[in-house]
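The values are calculated or read from the model by the stated rules, or taken from the named source; none is laboratory data. Not measured: the values here are computed from a predicted model. When we count neighbours, we look across all protein chains shown, and the Cβ atoms used for this are built from the backbone with ideal geometry, even at glycine. Side chains are part of the model used for accessible areas, which takes the heavy atoms of the whole protein and leaves out ligands, DNA and RNA. Shrake-Rupley method; radii C 1.70, N 1.55, O 1.52, S 1.80 Å.
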Amino acid sequence: MKPIIFISVFSMLLFVNCNSSDSLKTSTTKVSVTISDSLQTEPLDGRLLLIFADNDEKEPRFQVSEGLNAQPIFGIDVEDFKVGEIAVFNDSVFGFPYESLSQIKPGDYYVQALLHTYETFNLSTGQTVKLPMDNGEGQQWKTSPGNLYSKPFKVTINENGVENFTVTLNNIIPPIVEPEDTKWIKHIKMKSELLSEFWGRDMYLGAHVLLPKGFDEHPEAKYPLMIFHGHFPSDFGGFRTTPPDPNIEPVYSDRFDVEGYNIIQQQEAYDFYKRWNEPDFPRFLIIEIQHPTPYYDDSYAVNSASQGPYGDALTYELIPHIEKLFRGQGEGWSRFLYGGSTGGWEALAVQVKYPDEYNGCFAACPDPIDFSSYMLTDIYNDDNAYYAKSEHKTIEIPGHRDYLGNISSTVREGNHLELVLGAKSRSGGQYDIWEATYSPQADDGYPVRLWDKYSGDIDHSVAEYWKENYDLKHILERDWHKLGKKLKGKIHIYCGDMDNYYLNNAVYKMEDFLESTTDPYYDGEVDYGDRAEHCWNGDQDNPNHISRLRYNSMYVPKVMKRILESAPKDADLTSWRYK
């Protein structure tokens, strides 16, 4: 039985009235969007976005953010939108950070429109849904091939508000060129039978494979496999066979307050190449997986009601396929998982849900692993995700901070931006992918909302579904009598105690449980970085901006120790340990 879906009256009016004739009669604003005659397109479905920016440093589409530098954006759904038709934005269309066009402060703006196109999927569950298919970009609406967009132009908003104007979509984002194989890095793509059946069309998984030194010279060798989970990788990252480009211009990193960070990245990539070739470096296969879904840039690597059996597809289709192609050991004792943020949650979740198929996980700054600390929200006991409970005052729940505690956005703001970018969990944003992964499927085929996207009111029946299926701390606590022996020595978790998204709170609770385990004791590791932000990964000796570039080498000593302590007596521990 599916939980009851709660939709606020506001949300219903919002999306019904976006294109209604009544709202056009009462609105004083009319921004029209058309498709240029020069674009020979079929009628299109999708999310039409109207974006303003108060500067021309970048195109408006590249300035959309929920932080302090947020720029105004508005969104509506369109169906069968074609040349000769007009889509209208008026004052009733929902926006962020201004909820209405009538609220935009006076000034000069650069305006741009973009159509994020949807495709139709006939799901094996019987529903038909419209979603954006990934086109090689990793579910990024700003750069997705096939999306239509306009050239930015300048408008002036005066004290009387937005004057009527027209925007013409006259460009199409071109296809992405796929990376080529090299001596060291191979790229694969395979059709997933499991996913194709669920989605009602051919669906593919991909991976970038880093080969060990001596791969061709040692055909007898069979290798352990290290799986680097994380966001969509366009190519294998952090590996470079030449020193940094001497002619490259240094680029300042605002996130880390580091000058010339691009040069540091190139140097670290080259240093890893040199370490990869050292005589005493273990000979492994390392893979980075491409598993974007119509909801996000990756699937969260687990089975889910709305996204299908990605967990099974990765573990039982893709991984064995790669091991067969590149001479992997092909056994659970030889496979290891690691990653940060989304990848940290995936590493731990895959280890928990497939305990015999993997021999250890290294989960850095994982997305919430205890939903009673869903960042700063307890989805089981709180009534609202946007506001702290109080009878006589209103305090918004923070969504992002720096290591000194300075707040740049709130949970409400992040969700309202997603509501603009796409209805029915189709924004490609963080909260929406959590719903697409963790929620039951609604009768219309889309995920059931955990909370009302506008008001923040939590549906506790949905929260209970999340708890029983994806709350990793709850699952471990509930099932330790079955999982404990399979997971002993396999769990390693790392997090900064000033994580930007408050992810350390859930890690504290997970640590409390793990340290309480007996029969067996979990015998793993949980560690924290003092004042470290997202995404600290266990390196106590280097700053975050350096350690985040060393994922592929920093856990190797622990992996080797685990292999030597836990491999079966008949395991091949020699063929791959050549100099």
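Before moving on, here are some points about what is shown:
This table checks each residue for (1) at pLDDT below 95; (2) touching a Lys or Arg at 6+ places or on another chain (Cβ under 8 Å).
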residue	(1), (2)
24	yes, yes
31	no, no
51	no, yes
68	no, no
88	no, yes
97	no, no
112	no, yes
115	no, yes
118	no, yes
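- Restricting 177, 155 to residues that are closer than 20 Å to residue 291 by Cα, β-branched (Val, Ile, Thr) and either out of contact with any Leu (no Cβ under 9 Å at 6 or more places or on another chain) or surrounded by 12 or more Cβ atoms within 10 Å (Cβ to Cβ) (or both) narrows the list to 177.
- Any chance residue 523 is at pLDDT 95 or above, of a type in the set (Asp, Glu) and open to solvent by 40 Å² or more (accessible area, probe 1.4 Å): yes
- Where strands (runs of 3 or more DSSP E) sit wholly within the range 148-228, those with at least 3 residues that are of a type in the set (Lys, Arg) occupy 185-191.
- Condition check for residue 424: under 30 Å from residue 520 (Cα atoms), touching a Phe, Trp or Tyr at 6+ places or on another chain (Cβ under 8 Å), modelled with pLDDT of 95 or more and among the basic types (Lys, Arg): no
- Members of the range 494-504 found to be touching an Asp or Glu at 6+ places or on another chain (Cβ under 7 Å) and either under 17 Å from residue 349 (Cβ atoms) or of a type in the set (S, T, N, Q) (or both), listed by number: 494, 500, 503, 504
- Flag if residue 454 is more than 29 Å from residue 347 (Cβ to Cβ), part of a loop (DSSP other than H, G, I, E, B) and of a type in the set (Ser, Thr, Tyr): yes
- Taking the criterion of being touching a Leu at 6+ places or on another chain (Cβ under 8 Å) and surrounded by 12 or more Cβ atoms within 10 Å (Cβ to Cβ), the residues of the range 553-572 that qualify are 563, 567.
- Residues satisfying the stated conditions in the range 95-138, i.e. open to solvent by less than 10 Å² (accessible area, probe 1.4 Å), of a type in the set (A, V, I, L, M) and under 20 Å from the mean Cα position of the chain (by Cα): 131
- Test result for residue 495, modelled with pLDDT under 95 and either assigned to a loop (DSSP other than H, G, I, E, B) or under 19 Å from residue 337 (Cβ atoms) (or both): no
- The residues of the range 370-395 that are assigned to a loop (DSSP other than H, G, I, E, B) and of a type in the set (Gly, Ala, Ser), listed by number, are 385, 388, 390.
Residue-wise test of (1) open to solvent by 10 Å² or more (accessible area, probe 1.4 Å); (2) under 19 Å from residue 470 (Cβ atoms); (3) within 16 Å of the chain's Cα centre (by Cα).
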residue: 353; (1), (2), (3): yes, yes, no
residue: 368; (1), (2), (3): no, yes, yes
residue: 381; (1), (2), (3): yes, yes, no
residue: 386; (1), (2), (3): no, no, no
residue: 393; (1), (2), (3): yes, no, no
residue: 402; (1), (2), (3): yes, no, no
residue: 407; (1), (2), (3): yes, no, no
residue: 412; (1), (2), (3): yes, no, no
residue: 425; (1), (2), (3): no, yes, yes
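- So residue 183, is it basic (Lys, Arg), closer than 17 Å to residue 35 by Cα, surrounded by fewer than 17 Cβ atoms within 10 Å (Cβ to Cβ) and modelled with pLDDT of 95 or more: no
- Residue match in the range 323-334 (condition: under 27 Å from residue 508 (Cα atoms) and of a type in the set (Ser, Thr, Tyr)): no
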